[in-house]
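So the structure is just underneath, and the comments pick up after that.
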Amino acid sequence: MERELVDVVRGFNRTVTQRVGALDDKFLARDRPLAQSRLLWEIGPAGAEVAALRNRLDLDAGYLSRLLRTLEGAGLVVVTPAEGDGRVRMARLTEAGRAEWALLDRRSDELAWSMLAPLTVGQRDRLTTAMNEVQRLLMASMVTVEVCPPADPRARACLRAYAAELAERFESGFTLDTDDDQQFVPPAGVFLVATLASEAVGCGSVRFDPDGPAEIKRLWVSGTVRGLGVGRRLLTELERHAAAAGADCVRLDSNRALTEAIRLYRSAGYEEIPRYNTSPYPDHWFAKQLHHAPGVSP
């Protein structure tokens with residue numbers, strides 16, 4: 001079964017790369033391949049930080065530098081220190097680069113329409129619906145989940161977004177207490193961060209209790225990736241770490257305003273239990289029995 005799935009993905013990749021012109025030395029009938037044109041597009045009329053381009057396109061720093069030098073040599077791009085911060089490099093389009101960007105924009109529209117034009121209206125709807133679904137699933141496959149110290153800048157960014165969202169959604173507001181961060185550092189616990197193209201898009205933590213259930217806290221997913229299963233992945237990983245630490249049960253609390261989270265917990269096998277803490281924010285408490293699986297270390 002796995003072989004059949006892999007064959008489907010490989011066949012899809014071959015068809016797409018050929019259809020979009022990724023194999024051509026002159027993408028969209030211009031004098032450069034797809035990689036250079038894509039970089040030119042991402043720089044855009046507003047310009048972009050080189051570091052942001054590297055993260056956005058997931059490119060090796062050396063390869064990105066070579067692409068930029070080629071575009072600079074063609075008179076389409078200039079790379080200079082950012083105004084006010086010489087440590088940051090900015091890539092900007094020249095006048096010729098902006099004209100080339102506009103041409104790429106038009107020809108990209110033409111390429112997209114050439115895929116749709118031969119199809120019936122119904123086929124166009126099917127294709128664009130399928131493309132949207134494929135894009136979202138590919139994004140989901142690009143998300144990584146890893147252990148991260150709570151003091152890491154990625155973790156802090158997630159926690160700020162988490163606190164801001166809860167403060168907005170809770171009737172009584174919300175204040176995050178970060179004084180207990182050490183509870184989520186091994187061996188006391190674990191903090192996880194989910195990233196997409198080097199951007200932190202989710203987090204979650206679990207603290208271990210040798211005398212009782214482990215507790216999951218601070219589970220949050222950015223709105224940009226909700227619906228992609230990132231929350232479930234974080235929850236599953238936190239459960240695995242709890243089981244590896246010897247916990248037979250994991251519990252958590254939630255607020256009635258977090259309807260999506262409550263739905264996730266119930267679908268993941270959590271059952272409501274009586275209040276187990278004195279926090280003023282939750283009005284739902286859940287627990288789940290764990291199955292121990294080897295191979296995961298906290």
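The values are calculated or read from the model by the stated rules, or taken from the named source; none is laboratory data. Keep in mind it's a predicted model, so treat the numbers as computed, not measured. Don't worry about glycine lacking a Cβ; one is built from the backbone with ideal geometry, like all the others, and counts go over all protein chains shown. Just so you know, the surface numbers come from the protein's heavy atoms only, side chains and all, with ligands and any DNA or RNA stripped out. Shrake-Rupley method; radii C 1.70, N 1.55, O 1.52, S 1.80 Å.
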Compute from the Cα atoms of the stretch 1-113 the Rg and the Dmax, the latter being the longest Cα-Cα distance, and quote both in angstrom.
-> 16.4, 56
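With only Lys, Arg, Asp and Glu charged, each at its Cβ (+1 for the first two, -1 for the last two), find how big the charge dipole of the chain is about the Cα centre; round to the nearest 20 debye.
Working: 38 positive and 41 negative charges, 185 e Å.
The dipole magnitude comes to about 880 debye.
Stokes-Einstein diffusion coefficient for the stretch 225-292 at 10 °C in a medium of 1.306 mPa s, Rh from the Kirkwood formula over Cα pairs: what value in µm²/s? Please list the in-between numbers first.
On the way: Rh = 12.7 Å.
My calculation gives 125 µm²/s for D.
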With a cut-off of 18 Å, note down the residues of the stretch 23-64 whose backbone N falls inside the zone around a label point 7 Å from the Cα of E83 toward its beta carbon.
-> 44-50
Please name whichever of A96, G246, I262 sits farthest to the positive end of the charge dipole of the chain, dipole taken about the Cα centre and charges placed at Cβ: Lys and Arg +1, Asp and Glu -1.
-> A96
Take the alpha carbon atoms of the stretch 246-285, find their center, do the same for the stretch 61-115, and report the distance between the two centers in whole angstrom.
-> 49
Find how many whole Å separate the alpha carbon centroid of the stretch 3-47 from the alpha carbon centroid of the stretch 166-183.
-> 44
Taking the chain and a Cβ-Cβ threshold of 4.7 Å, the cysteines left without a partner are C148, C249
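With all protein chains present, how much of the accessible area of the stretch 171-298 (probe radius 1.4 Å) comes from carbon and sulfur, to the nearest whole percent?
Numbers: 3160 of 6350 Å².
So the carbon and sulfur contribution to the accessible surface is 50 percent.
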If you take the beta carbon distance between R136 and A102 as r and set R0 to 35 Å, what does 1/(1 + (r/R0)^6) give as a FRET efficiency, to the nearest 0.05?
-> 0.75
Run the accessible area of the stretch 33-94 with a 1.4 Å probe and give the carbon-and-sulfur part as a rounded percent.
-> 50
Put a dot 7 Å past each Cα toward the Cβ at A268 and V20; how far apart are the dots in nm?
-> 3.2
Output ordering of 30-40, 268-278, 200-210 (per-residue mean of other Cβ within 10 Å, highest first) is 200-210, 30-40, 268-278
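If contacts are Cα pairs under 8 angstrom and at least 6 residues apart, what is the relative contact order of the stretch 1-149 in percent? Before the final figure, lay out the partial values.
Numbers: 111 pairs, mean separation 26.9, N = 149.
Here the relative contact order equals 18 percent.
Take the Cβ-Cβ distance between R126 and N13 as r, set R0 to 30 Å, and report the resulting FRET efficiency rounded to the nearest 0.05.
Using R0 = 30 Å, I get an efficiency of 0.90.
Based on Cβ point charges of +1 for Lys and Arg and -1 for Asp and Glu, what charge dipole magnitude is obtained for the stretch 157-298 about its Cα centre, in debye rounded to the nearest 20? Provide the component values of the computation, followed by the final result.
On the way: 15 positive and 19 negative charges, 96 e Å.
Dipole about the Cα centre, nearest 20: 460 debye.
Over the chain, with the other protein chains present, what is the accessible area per residue in square angstrom, probe 1.4 angstrom?
Numbers: 17300 Å² over 298 residues.
Accessible surface, normalised per residue, equals 58 Å².
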